[in-house]
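Engineer: Please find one structure pasted underneath; my questions will follow.
The values are calculated or read from the model by the stated rules, or taken from the named source; none is laboratory data. Quantities reported herein were computed from a predicted structural model and do not represent experimental measurements. Don't worry about glycine lacking a Cβ; one is built from the backbone with ideal geometry, like all the others, and counts go over all protein chains shown.
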Amino acid sequence: MISNIRIVLIGTLYSGNIGSVCRAMANFGLTDLVLVSPVCADGWAEASKFAVHGAAVLEGRRTVATFDEAVSDCVAVVGTTARLGLYRQHVRTPREAAPGLLALASGGSVALVFGREDKGLLNDEVARCTHLLRIPTGTDYTSINLGQAVLLCAYELFLASDSYAPPCEKAPPAQAAHRLRLLEIWREMLLLIGFMTPEKADHMMQGIQRIFSRGALTTDDVNILMGVARQADWAARANAKPK
């Protein structure tokens with residue numbers, strides 16, 4: 001349902017911020033961008049520069065004159081605000097709200113609305129929102145750059161959508177017998193190179209075993225460590241031969 005999330009920017013002052021928003025949207029699979037009466041006092045040159053690989057989002061943007069026109073077909077209108085007040089007390093964090101917003105997006109477009117860089121959303125605009133979001137910040141400075149705010153909200157929606165599949169370890173975990181053989185090989189090698197004496201070997205190998213047990217070794221991990229020990233063993237024996 002991530003494709004049904006619409007980003008709405010109201011009265012944006014700088015085109016560079018619109019470009020940054022496009023880049024953030026492209027990072028997380030959002031494509032629907034609507035601008036409400038953008039000011040862009042700096043012209044549009046910065047937009048393309050900051051959009052980078054989000055150029056397709058920038059080119060596909062729609063520009064409308066009013067807030068109502070931007071959200072008229074949406075099943076939910078989600079305002080973002082850094083300020084608190086009597087009618088802003090029901091704010092939720094993007095992480096808290098994301099699952100519910102995605103559920104709503106299964107029935108149609110959900111608008112995620114961001115206000116002006118200097119003023120945010122006006123009170124009458126907040127009043128027309130069905131939900132409100134507030135990104136948690138430190139108390140000293142709560143205002144977040146427009147592009148960064150869109151990035152954070154888009155990130156939380158993307159994660160909640162289960163669109164991301166983390167990479168999996170290809171090699172299976174090493175079995176106990178495999179790990180035991182690794183310790184045996186290392187014991188032989190460490191004795192050969194003089195790292196420990198036979199009378200201290202049991203004590204030292206407990207330390208080596210503790211090190212190897214700090215993480216879940218895979219079969220590939222164990223094979224590499226065995227290879228290190230075998231190579232060290234070979235080098236030690238080769239250097240010990242009379243020349």
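Engineer: Being in a helix (DSSP H, G or I), on the phi < 0 side of the Ramachandran plot, hydrophobic (A, V, I, L, M, F, W, C) and surrounded by fewer than 18 Cβ atoms within 10 Å (Cβ to Cβ) narrows it down to one of ALA41, ALA55, ALA82, so name that one.
Structural biologist: ALA55
Engineer: Restricting attention to segment 56-79, report how many residues are closer than 17 Å to SER20 by Cα and either acidic (Asp, Glu) or at pLDDT below 95 (or both).
Structural biologist: Adding up the residues that qualify gives 1.
Engineer: Taking interchain pairs and intrachain pairs at least six residues apart, which have beta carbon atoms under 6 angstrom, with the first residue in segment 151-178 and in contact (Cβ under 8 Å) with a residue 60 or more places away in the chain and the second small (Gly, Ala, Ser) and in a helix (DSSP H, G or I)?
Structural biologist: Partner pairs satisfying both residue conditions: LEU151/ALA24; ALA154/ALA24; GLU156/ALA98; LEU157/ALA98; ALA160/ALA98.
Engineer: For a quick check of your reading of the model, give me the residue pairs whose first member lies in segment 1-21 and is assigned by TED's automatic domain parsing to the domain that holds ASP32 and closer than 12 Å to LEU35 by Cβ, whose second is β-branched (Val, Ile, Thr) and assigned to a helix (DSSP H, G or I), with beta-carbon atoms closer than 7 Å and at least 6 apart or on different chains.
Structural biologist: Listed pairs, sorted by first residue: ILE7/VAL21; ILE7/VAL150; VAL8/VAL71; LEU9/ILE18; LEU9/VAL21; THR12/ILE18; VAL21/VAL150.
Engineer: Follow-up. Can you tell me which residue is nearest to GLU169 (Cα to Cα) among those in segment 214-231 that are in contact with a helix residue (DSSP H, G or I) (Cβ under 7 Å, 6 or more places away or on another chain) and surrounded by 18 or more Cβ atoms within 10 Å (Cβ to Cβ)? It would help to see each step written out before you state the result.
Structural biologist: In the first step, residues of segment 214-231 are kept if they are in contact with a helix residue (DSSP H, G or I) (Cβ under 7 Å, 6 or more places away or on another chain); the result is 217, 219, 222, 225-226, 229-230.
Filter once more, so that each one left must be surrounded by 18 or more Cβ atoms within 10 Å (Cβ to Cβ): 217, 222, 225, 229.
On the way: LEU217: 11, VAL222: 14, LEU225: 18, ALA229: 24 Å.
Across segment 214-231, the extreme among qualifying residues is LEU217.
Engineer: Just to be sure before I move on: is SER72 closer than 22 Å to LEU121 by Cα, crowded, with 18+ Cβ neighbours inside 10 Å, without any contact (Cβ under 8 Å) to a residue 40 or more places away in the chain and out of contact with any His (no Cβ under 6 Å at 6 or more places or on another chain) in the structure I sent?
Structural biologist: Answer is no for this residue.
Engineer: Under the condition of being of a type outside the set (A, V, I, L, M, F, W, C) and in a helix (DSSP H, G or I), which residue from segment 58-68 is nearest to the chain's Cα centre (by Cα)?
Structural biologist: Among those that are of a type outside the set (A, V, I, L, M, F, W, C) and in a helix (DSSP H, G or I), it is GLU59.
Engineer: Are any residues in segment 196-229 under 17 Å from ALA177 (Cβ atoms), among the small types (Gly, Ala, Ser) and in a helix (DSSP H, G or I), and if so, which ones?
Structural biologist: Within segment 196-229, just ALA229 meets the criteria.
Engineer: Would you please list the contacts, defined by Cβ atoms under 8 Å and residues six or more apart or on different chains, that run from a residue in segment 107-120 that is over 15 Å from GLN148 (Cα atoms) to a residue that is among the charged types (D, E, K, R) and modelled with pLDDT of 95 or more?
Structural biologist: GLY108/ASP73; SER109/ARG6; SER109/ASP32; SER109/ASP73; VAL110/ARG6; ALA111/ARG6
Engineer: Tell me, which helices (runs of 4 or more DSSP H) wholly within segment 94-180 include 1 or more residues that are of a type in the set (S, T, N, Q) and loosely packed, with under 13 Cβ neighbours inside 10 Å?
Structural biologist: The helices (runs of 4 or more DSSP H) meeting that bar are 123-127.
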